[in-house]
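The values are calculated or read from the model by the stated rules, or taken from the named source; none is laboratory data. Everything quoted here is computed from the prediction, not taken from an experiment. All Cβ positions, even for glycine, are placed from backbone atoms using ideal geometry, and neighbour counts span all protein chains on display.
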Amino acid sequence: MSISHRIRQYAVNAAPIFGSAGAALLTYAWHRRWETAEDGSRRRGWLDGFCHGGTAVAVALPAAPYVRNPLAFVPVALASAIAIDLDHVVIARTFEMKRCQSLGSRPSSHSIVAMLAASAAIERLYPEQHLGLAMLLGLGSHLLRDIGTGGAPLFLPRRIIEVPYQRVIPLLGVLAISSRQATRLHLGQQLSQLNLHFVSNDE
């Protein structure tokens, strides 16, 4: 292998790491502004969305060079991290930002079971494309940020899990690092098997 090829390969693998670090720093800046924004305000709602999107990008980018569909991988993670909050709109029955942020607690769809089921379903529809992993990272990063900013019903609808935000940051790092390894462990196949397990139980 030539030196130029090695340098090129290193650049391809390292670029997502630097991109992830940049997204993480930008997200932290948005988070600081979110903390000072008025509760229920449109500004706070938009910043919350930016934070979830930035967190998803930061977590998904490190795995991008190793997946089978890199062009769709990060966009799916980003879309998943944003779309999950549409349940606020459904429950509040309005797009009004203040009412969507005033539900008392996050909906039961903000749970690990929902995250696994959705990831398994997308992997079933698009097998071996690692899009299930992308959704898993997008939803997982969303839930991690949620438990550090008010809590979420990860396991039971009426049991809110909450941890200090400072503890969420290293957990997001672990999620990003483990995602790189997961692509080598055929996580897509495992998610497909999980989905089949859900289907067989329903029958």
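Quick one: is I147 more than 9 Å from S80 (Cβ to Cβ), of a type in the set (A, V, I, L, M, F, W, C) and modelled with pLDDT of 90 or more? Spell out the reasoning first.
Working: more than 9 Å from S80 (Cβ to Cβ): yes; of a type in the set (A, V, I, L, M, F, W, C): yes; modelled with pLDDT of 90 or more: yes.
Yes: the conditions hold for I147.
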Selection count, region 147-162, where residues are surrounded by fewer than 16 Cβ atoms within 10 Å (Cβ to Cβ) and under 21 Å from R44 (Cβ atoms): 2
Any hit, region 146-154, residues being under 12 Å from the mean Cα position of the chain (by Cα) and in a helix (DSSP H, G or I): yes
Number of the exception - V67 against (1) crowded, with 20+ Cβ neighbours inside 10 Å; (2) farther than 30 Å from L103 by Cβ; (3) at pLDDT below 85: (3)
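Out of the residues in region 95-123 that are out of contact with any helix residue (DSSP H, G or I) (no Cβ under 7 Å at 6 or more places or on another chain), part of a loop (DSSP other than H, G, I, E, B) and not acidic (D, E), state the one that is surrounded by the fewest Cβ atoms within 10 Å (Cβ to Cβ). Explain how you work it out, then say what you get.
The first filter runs over region 95-123 and keeps only residues out of contact with any helix residue (DSSP H, G or I) (no Cβ under 7 Å at 6 or more places or on another chain), leaving 96, 98, 102, 104-105, 108, 111-114.
Those still in the list that are part of a loop (DSSP other than H, G, I, E, B) too: 96, 102, 104-105, 108, 111.
Next cut, not acidic (D, E) only: 102, 104-105, 108, 111.
Values: S102: 12, G104: 4, S105: 13, S108: 15, S111: 20.
Step by step, filter region 95-123, then rank; the result is G104.
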Region 83-94 residues that are farther than 16 Å from G140 by Cβ, paired with ones that are surrounded by 13 or more Cβ atoms within 10 Å (Cβ to Cβ) and modelled with pLDDT of 85 or more (beta carbon under 6 Å, 6 or more apart): D87/S109
Of all residues in region 96-110 being of a type in the set (S, T, N, Q) and without any contact (Cβ under 8 Å) to a residue 60 or more places away in the chain, the one that is nearest to A64 (Cα to Cα): S109
Subset of region 22-52 (residues that are of a type in the set (G, A, S) and either free of Cβ contacts under 8 Å to residues at least 24 places away in the same chain or more than 15 Å from R145 (Cα to Cα) (or both)): G22, A29, A37, G40, S41
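Would you mind stating whether A92 is more than 22 Å from Y165 (Cβ to Cβ), in contact with a Cys (Cβ under 8 Å, 6 or more places away or on another chain), surrounded by fewer than 23 Cβ atoms within 10 Å (Cβ to Cβ) and among the aliphatic types (A, V, I, L, M)?
Numbers: more than 22 Å from Y165 (Cβ to Cβ): yes; in contact with a Cys (Cβ under 8 Å, 6 or more places away or on another chain): yes; surrounded by fewer than 23 Cβ atoms within 10 Å (Cβ to Cβ): yes; among the aliphatic types (A, V, I, L, M): yes.
So A92 passes the test.
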Subset of region 124-142 [surrounded by fewer than 24 Cβ atoms within 10 Å (Cβ to Cβ), in contact (Cβ under 8 Å) with a residue 24 or more places away in the chain and either touching a strand residue (DSSP E or B) at 6+ places or on another chain (Cβ under 8 Å) or in a helix (DSSP H, G or I) (or both)]: R124
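Given the criterion in contact (Cβ under 8 Å) with a residue 60 or more places away in the chain and either within 14 Å of S179 (Cβ to Cβ) or under 17 Å from the mean Cα position of the chain (by Cα) (or both), identify the matching residue among V57, V113, V67. Break it down into steps so the answer makes sense when it comes.
Details: V57 fails: in contact (Cβ under 8 Å) with a residue 60 or more places away in the chain; V113 fails: in contact (Cβ under 8 Å) with a residue 60 or more places away in the chain.
On inspection, the qualifying residue turns out to be V67.
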Failed criterion for F50 (all others in (1) surrounded by 13 or more Cβ atoms within 10 Å (Cβ to Cβ); (2) modelled with pLDDT under 95 hold): (2)
